[in-house]
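For reference, the structure discussed in these notes is given below.
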Protein chains: 2
Amino acid sequence: MGSLVKDITDREVDFAKWYTDVCKKADLVDYSSVKGSMIIRPYGYAIWENMVSILDKEFKKLGHVNVQMPLLIPESLLNIEKEHVEGFAPEVAWVTYGGSEKLEERMCIRPTSETLFCEHYKKIIKSYRDLPLLYNQWATIVRWEKTTRPFLRSREILWQEGHTMHATSTEAREETLRMLKVYEDFQRNYLAIPVIVGRKTEKEKFAGAEETYTLEAMMWDGVALQNGTSHYFGQHFAKAFGIQFLDKDNTLKTPYQTSWGVSTRMIGGLIMTHSDNRGLVLPPKIAPIKVCIIPIGDVTNELSSLEAKLNANNITYKVDNSDKTPGFKFALAEVKGYPIRIELGKRDLDNGFITLVRRDTLEKIKVNTNEDIISVILELLNDIQTDMYNKALERRNNMLYKANTYDEFKKISSNGNGFIEVNLCNDPHCEDKIKEDTGLKSRCIIDKEVDNTCIVCGKKANYKVYFGRQY
Amino acid sequence: MGSLVKDITDREVDFAKWYTDVCKKADLVDYSSVKGSMIIRPYGYAIWENMVSILDKEFKKLGHVNVQMPLLIPESLLNIEKEHVEGFAPEVAWVTYGGSEKLEERMCIRPTSETLFCEHYKKIIKSYRDLPLLYNQWATIVRWEKTTRPFLRSREILWQEGHTMHATSTEAREETLRMLKVYEDFQRNYLAIPVIVGRKTEKEKFAGAEETYTLEAMMWDGVALQNGTSHYFGQHFAKAFGIQFLDKDNTLKTPYQTSWGVSTRMIGGLIMTHSDNRGLVLPPKIAPIKVCIIPIGDVTNELSSLEAKLNANNITYKVDNSDKTPGFKFALAEVKGYPIRIELGKRDLDNGFITLVRRDTLEKIKVNTNEDIISVILELLNDIQTDMYNKALERRNNMLYKANTYDEFKKISSNGNGFIEVNLCNDPHCEDKIKEDTGLKSRCIIDKEVDNTCIVCGKKANYKVYFGRQY
């Protein structure tokens, strides 16, 4: 089937290697001399553009507006909220010189922009009339990670960060959950990723947040990927920055805050959920190119007619007109993960049909030339989307475990990856012990009644929690 | 007319102060504790989003694709092309620490990305089949400017940079001019700015370019704003980076390169071309909100009916429902520069009409309630767009001068701003002398026959050139 496929390591052999092979072979990313950063190539960036376009519309529907804050944060500004600076200072890039002049105060490249937003909010929030304030920013952030992997953990990240301010804690909590739901719907319906959503434990929440909600995706290998977060900040930052508003009752009050974000990491999640040993598999709703046409023999008229129909129906496609063999083109289309491949062959056409191949199952479908091919394609795209979600869901469900005792927990975790449900108390030492003994970290709190004692210390359990290895 | 207007300095009194007043009062930008950087507020960012959306579609129509290169450039990479590093090294921000660790090699935040693109191109360009390579990037760049002004000159700039590679110099030159034309059409048709386009002199071209084309806009005060550039690089960078491709004739060749960019500076150009002492004036085609409705009295039914019509016709609008007086709302609508203000008054409606006010001329138009208001609005938006362009064109034409002698040149330039046409030789010393004596710099070469000798040295002239003061 051509050299492209052979170059991808089997995921059963080395999942990490398989992942970077797919990223590279599908032309999603390339490396540069900038260690820890990646180049997002046109095909990878087109996936991101689709994500941005869909999410941005959802945000705006709910009344959010976009802004652009500075890229750099002066050290004194970063230092204002204590927990926050402790969480981020160790992993920021510091700018110390402008041209040949040493800066009086060094600045970091934003690792996240809470401090910048709060400084601005202090100036522009005066009255209850200014609330709620629903801001979002699409931006590049930098976190100086030691070990990096394309999309999953890199020094430069493209993301969006929503930062909102509300008159009451009720409204802010509602916003936190509303945006979590936007993310959840997007990841389920577009990315076909069956995320588990829930609150983080005290130990795992964001530096400076009162509550952190997370979207936990399970990768093909059973390892967790935190695929987005939504935070309720309460008044922590607002107090640290002295943000106040005059309420209707004519008293000064401190507003309540949220923040929420997703990033290019979602592309990594897409790959590790759906792709296979032949390369990328993309859910149709997020694929930049839905259909790849491979003409075989002289099919000029049929090709133009097909292209006209696809254009008229706004179905994105590409035609592989290169001078390679059909076999090579099939393999390439598989590496690239186009949801449907159309083999437009002279011989097939003479026999009255066109061959469609689903990328997810590799199933071949013969379509009679009398049939309405657009209906077939639209239905097939729909089926692929649904089937990919269900397949991922089934796989994930098969890797959900329960442990009633710590011994059981250790046994399950040593057998392989997946999420393990346990009863846990809220003493962070119990989570620490699990991490030490097994390497697993808590993913999120499960919305179920607690029915037992903490598996570590045996004291009263506070919640049920999923544990898992993480990317 | 309310305090908002009074807070804007008259442009006849202090143009610089007027400009920053408009930027601030119209809620386009705010300052932060990050010196030299600005916050682009939602209303300002919405203008940028419109610019991005229109240009991005044009770029894609012509076959360009978007990518994302790293934010940081290692010093050794920046140093590869000599002229380029000399041009940019004095004004870059240097990252020297990652967390608490000193970097082995310092990195600058990209001031522009030629070096990153070229490093990548060296890896991915192998054959004539890979050409042309038509890449674009939407990005934040940093240039450590000493004196900064919102949109015009700031340390952080949002922009796009196109970087393309071609098999022949003819194709690359065509691309350079094609993209210049895209910019020109955009600025004329959407921004209503009558830009003058032309080639830069040797002295004023981009660091590393063989030819630089520019879009020179003349601001209300007669000062020039370079509102975009398109460069033909020839093989300079390609040779410095060792980029080669195997051509159809089976020989290795060096490709030809272009780059082209526009930035948030265009927002500054918009303001300084069209706005007035009452605030912002936006051309309808780029205005985020075309219509501002101010209800006066109980007009609930008429308002819903009007909103329904505007929605059905995709005309963006806002309703000012605040508890301020109509007079305050009128002034605010003027500060914000909504192209049309609709005064939806109970008394007017009882008398059978609705009042529309054009922002550009402040003319009041009474529309009979029997008339199709949407047709009136659409026609008016169209008229405003055309009239704004023509007004700016007339004003610019009135500030175009010609000087046949150097004495004449000095006399004209001491009388006020504007562009002065002169005959010039290609010795950079003559441009230097003009700069020294008068502060004026060459804007661009004019597409006209040379008919005289250089106004400075009296030797054979090589071209006609516009000179002007610049932002």
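Looking at (1) under 30 Å from B:Asn452 (Cβ atoms); (2) more than 23 Å from the chain's Cα centre (by Cα); (3) in contact (Cβ under 8 Å) with a residue 60 or more places away in the chain, which is the only condition B:Phe409 fails?
For B:Phe409, the failing item is (3).
From the list A:Arg106, A:Arg11, which one is modelled with pLDDT of 95 or more, in contact with a Phe, Trp or Tyr (Cβ under 6 Å, 6 or more places away or on another chain) and part of a loop (DSSP other than H, G, I, E, B)? Spell out the reasoning first.
Details: A:Arg106 fails: part of a loop (DSSP other than H, G, I, E, B).
None of the others qualify; the one that does is A:Arg11.
I'd like to verify a number: residues in the stretch B:422-440 that are crowded, with 18+ Cβ neighbours inside 10 Å and touching a residue at least 60 places away in the same chain (Cβ under 8 Å), how many? Break it down into steps so the answer makes sense when it comes.
If we filter the stretch B:422-440 for residues that are crowded, with 18+ Cβ neighbours inside 10 Å, which is where we start, we get B:422-425, B:430-431, B:434, B:440.
Of the ones still in play, those that are also touching a residue at least 60 places away in the same chain (Cβ under 8 Å) are B:424, B:431.
The total comes to 2.
Quick test for you: out of B:Ala217, B:Ala192, B:Ala238, pick the one residue that is in contact (Cβ under 8 Å) with a residue 40 or more places away in the chain and over 17 Å from the mean Cα position of the chain (by Cα).
Result: B:Ala238 is the single residue among B:Ala217, B:Ala192, B:Ala238 that is in contact (Cβ under 8 Å) with a residue 40 or more places away in the chain and over 17 Å from the mean Cα position of the chain (by Cα).
What about B:Tyr135, is it closer than 19 Å to B:Val262 by Cα and within 9 Å of another protein chain (Cβ to nearest Cβ)?
yes
If I ask for residues that are modelled with pLDDT of 95 or more and not in a helix (DSSP H, G or I), which ones from the stretch B:19-36 would you list?
Residues of the stretch B:19-36 modelled with pLDDT of 95 or more: B:19-30.
Within the stretch B:19-36, B:Ala26, B:Asp27, B:Leu28, B:Val29, B:Asp30 meet the criteria.
Read through the list (1) within 8 Å of another protein chain (Cβ to nearest Cβ); (2) surrounded by fewer than 16 Cβ atoms within 10 Å (Cβ to Cβ); (3) at pLDDT 95 or above, then give the number of the only condition that A:Ala16 fails.
In the conditions (1) within 8 Å of another protein chain (Cβ to nearest Cβ); (2) surrounded by fewer than 16 Cβ atoms within 10 Å (Cβ to Cβ); (3) at pLDDT 95 or above, A:Ala16 misses (1) alone.
May I ask you to say which residue of A:Glu91, A:Glu114, A:Glu105 is surrounded by fewer than 22 Cβ atoms within 10 Å (Cβ to Cβ), acidic (Asp, Glu) and more than 9 Å from every other protein chain (Cβ to nearest Cβ)?
Selected residue: A:Glu105, the only one of A:Glu91, A:Glu114, A:Glu105 that is surrounded by fewer than 22 Cβ atoms within 10 Å (Cβ to Cβ), acidic (Asp, Glu) and more than 9 Å from every other protein chain (Cβ to nearest Cβ).
Taking the condition of being within 8 Å of chain B (Cβ to nearest Cβ), in a loop (DSSP other than H, G, I, E, B) and under 21 Å from the mean Cα position of the chain (by Cα), how many residues in the stretch A:37-84 meet it?
2
Tally the residues that are at pLDDT 90 or above and surrounded by fewer than 16 Cβ atoms within 10 Å (Cβ to Cβ), restricting the search to the stretch B:59-88.
Counting residues in the stretch B:59-88 that are at pLDDT 90 or above and surrounded by fewer than 16 Cβ atoms within 10 Å (Cβ to Cβ) gives 7.
With respect to A:Phe419, determine if the residue is at pLDDT 95 or above and within 13 Å of A:Val456 (Cα to Cα).
The answer is no for A:Phe419.
Conditions (1) of a type in the set (Phe, Trp, Tyr); (2) outside the structural domain of A:Cys108 (by TED's automatic domain parsing); (3) out of contact with any Ser or Thr (no Cβ under 8 Å at 6 or more places or on another chain); (4) more than 17 Å from A:Ser263 (Cα to Cα), marked per residue:
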| position | (1), (2), (3), (4) |
| --- | --- |
| A:Gly36 | no, no, no, no |
| A:Tyr45 | yes, no, yes, no |
| A:Asp56 | no, no, yes, no |
| A:Val65 | no, no, yes, yes |
| A:Glu83 | no, no, yes, yes |
| A:Glu91 | no, no, yes, yes |
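Among the helices (runs of 4 or more DSSP H) confined wholly to the stretch B:335-421, which include 2 or more residues that are polar (S, T, N, Q) and surrounded by fewer than 19 Cβ atoms within 10 Å (Cβ to Cβ)?
Helices (runs of 4 or more DSSP H) meeting the threshold: B:373-397, B:406-415.
Residues in the stretch B:422-457 that are assigned to a loop (DSSP other than H, G, I, E, B) and closer than 21 Å to B:Leu225 by Cα: how many?
3
Scan the stretch A:262-307 for residues that are acidic (Asp, Glu) and more than 22 Å from A:Tyr389 (Cβ to Cβ) and jot them down.
If we filter the stretch A:262-307 for residues that are acidic (Asp, Glu), which is where we start, we get A:276, A:298, A:302, A:307.
Within the stretch A:262-307, A:Asp298, A:Glu302, A:Glu307 qualify.
Here's the yes/no breakdown for (1) in the same structural domain as B:Gly222 (by TED's automatic domain parsing); (2) touching a strand residue (DSSP E or B) at 6+ places or on another chain (Cβ under 8 Å); (3) touching a residue at least 60 places away in the same chain (Cβ under 8 Å); (4) more than 19 Å from B:Val299 (Cα to Cα):
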site: B:Phe330; (1), (2), (3), (4): no, yes, yes, no
site: B:Val335; (1), (2), (3), (4): no, yes, yes, yes
site: B:Tyr338; (1), (2), (3), (4): no, yes, no, yes
site: B:Phe353; (1), (2), (3), (4): no, yes, no, no
site: B:Val357; (1), (2), (3), (4): no, yes, no, no
site: B:Asp360; (1), (2), (3), (4): no, no, yes, yes
site: B:Glu363; (1), (2), (3), (4): no, yes, no, yes
site: B:Ile373; (1), (2), (3), (4): no, yes, yes, no
site: B:Asn390; (1), (2), (3), (4): no, no, no, yes
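Would you mention how many residues in the stretch A:144-156 are of a type outside the set (S, T, N, Q) and within 10 Å of another protein chain (Cβ to nearest Cβ)?
The qualifying residues number 5.
Can we say A:Asp7 is assigned by TED's automatic domain parsing to the domain that holds A:Asn189 and either aliphatic (A, V, I, L, M) or free of Cβ contacts under 8 Å to residues at least 24 places away in the same chain (or both)?
When the stated conditions are applied, A:Asp7 passes them.
Considering only the stretch B:122-238, give the strands (runs of 3 or more DSSP E) lying wholly within it that have at least 1 residues that are of a type in the set (Asp, Glu), surrounded by fewer than 20 Cβ atoms within 10 Å (Cβ to Cβ) and in the same structural domain as B:Ser32 (by TED's automatic domain parsing).
B:211-218
The values are calculated or read from the model by the stated rules, or taken from the named source; none is laboratory data. Just so you know, these numbers come straight off a predicted model, no measurement behind them. With ideal geometry, Cβ positions are generated from the backbone for all residues, glycine too; neighbour counts draw on all protein chains shown.
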